[in-house]
1. Just for the protein assembly as shown, what percent of DSSP beta bridges are antiparallel, to the closest 5?
2. Multiply the residue gap between A:Arg50 and A:Asp114 by 0.36 nm, knock off their C-alpha separation, and tell me the result in nm, one decimal place.
3. Rg (Å, one decimal) plus Dmax (Å, integer) for the alpha carbons of the protein assembly as shown?
4. Kindly give the distances from A:Glu84 to its copy-mates, label point to label point, with each label point 7 Å from Cα along Cα→Cβ, as nm values to one decimal ordered shortest first.
5. Given 37 °C and 0.692 mPa s, how large is the Stokes-Einstein diffusion coefficient of the stretch B:10-74 in µm²/s, with Rh as the Kirkwood radius over Cα pairs?
6. A:Arg59's amide H: which non-local residues (gap 5+, or another chain) put their own amide H closer than 5 Å, with H modeled 1.01 Å from N in plane and none for Pro or chain starts?
7. For helix A:10-26, what angle does its Cα long axis make with the longest principal axis of chain A, in degrees from 0 to 90 and rounded to 10?
8. Counting protein heavy atoms only and a 1.4 angstrom probe, how many square angstrom of accessible surface do chains A and B bury in total, to the nearest 100?
Number of protein chains: 2
Amino acid sequence: METMTTELSASLEDYLESIFLVIAERGEARSKDIADRLGVAASSVTNALRGLVKRDLVRHEPYDLIALTEEGERVARDVVHRHEVLTHFFTEVLSVDEKTATACACKMEHIVGDVILERLIAYIEYDRSSGNGKTTWVEGKGFVHHA
Amino acid sequence: METMTTELSASLEDYLESIFLVIAERGEARSKDIADRLGVAASSVTNALRGLVKRDLVRHEPYDLIALTEEGERVARDVVHRHEVLTHFFTEVLSVDEKTATACACKMEHIVGDVILERLIAYIEYDRSSGNGKTTWVEGKGFVHHA
DNA sequence: GCCCCTTTTTAGACAGAGCTAAATATTTAT
DNA sequence: ATAAATATTTAGCTCTGTCTAAAAAGGGGC
């Protein structure tokens, strides 16, 4: 049957996410933007684009702008979503600093599955809508609940 | 200077962890045990051992048992620790089922840094020593606090 | 002591993802 | 309009980490 859609690698997810974000920020995306953002060589982008085009997640003619397909945009949004939920959880619930939170989210976004993501979202919500007091991180004490 | 200790890869961390656990369980570890546990070919283990020996994390003479160096044991314990904390957090705090928790922990253990790990530990402790009531996951409702 | 079975290692291939250098397009500025 | 600057692609290399097949080592039973 060969409908075997190989699972998207962490690397390709990163490229896809970058393309999505660059388009969101600048209206269009070229190779160089992606290379700069990811800190890789331009040729690595060309290379990754081949993989993404092959999987029908990206549309791209040589030397032209980079565009996402419907499916590509869907997947990209999903990665971004995972990234945001994780960052949020780390900063809001665990009181971790932005930089550390983002760094970890960047790697975890390729790993975390639906079930855990759902629970993290629920936990953030629970934490936010604290009708039962607030839990905060206190240096030297750990997490503390204030009524 | 070349004292450049390259960061241990996720893959090598997995091998190291397996060696540690097999030794803990059976008293000794051979190639085959590791291959079976990780579900890889025997030759992949031989290969990985080269990397671990080179980094002085493992002692190994051809055809002989596999042993950890002091440093190797330290690193292995650290990986196992991260694994356990993560699994714990997922099952205890997020009420995720064992299998899903373990699967995610297996990947995250190679990623999560000290700061976040510390916070997770604190959160587990906070959750456990609930002198302020208990927070539990309720299907269809999310997390709920019981006084 | 020797044969057979299992384990381990070697050898060689391959895929993924990165790099540099060189070739080729495109864009911009004079 | 063309030369210079910039961007993109190609070609070829490297490193990990995996695999399979074949060779070599070890261990037991008899």
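1. On the way: 18 of 20 bridges.
Of the beta bridges lying entirely in the protein assembly as shown, close to 90 percent run antiparallel.
2. On the way: separation 64, 0.36 × 64 = 23.04 nm, distance 2.80 nm.
Value of the extension gain: 20.2 nm.
3. Using the Cα atoms of the protein assembly as shown, the pair Rg, Dmax is 22.1, 63 Å.
4. 3.8
5. Working: Rh = 11.3 Å.
Taking Rh from Cα pairs, D becomes 290 µm²/s.
6. Amide H to amide H, under 5 Å and 5 or more residues apart or across chains, A:Arg59 pairs with A:Ala67, A:Leu68, A:Thr69.
7. 90
8. On the way: alone 9730 and 9740 Å², together 16920 Å².
Counting both chains, the buried surface is close to 2600 Å².
The values are calculated or read from the model by the stated rules, or taken from the named source; none is laboratory data. If you're wondering where the values come from, they're calculated on a predicted model, not measured in any experiment. Using ideal geometry, Cβ is built from the backbone for each residue, glycine included, and neighbour counts are taken over all protein chains shown. Ligands, DNA and RNA are stripped out before the accessible areas are found, and what is left, the full protein with its side chains, is counted by its heavy atoms. Shrake-Rupley method; radii C 1.70, N 1.55, O 1.52, S 1.80 Å.
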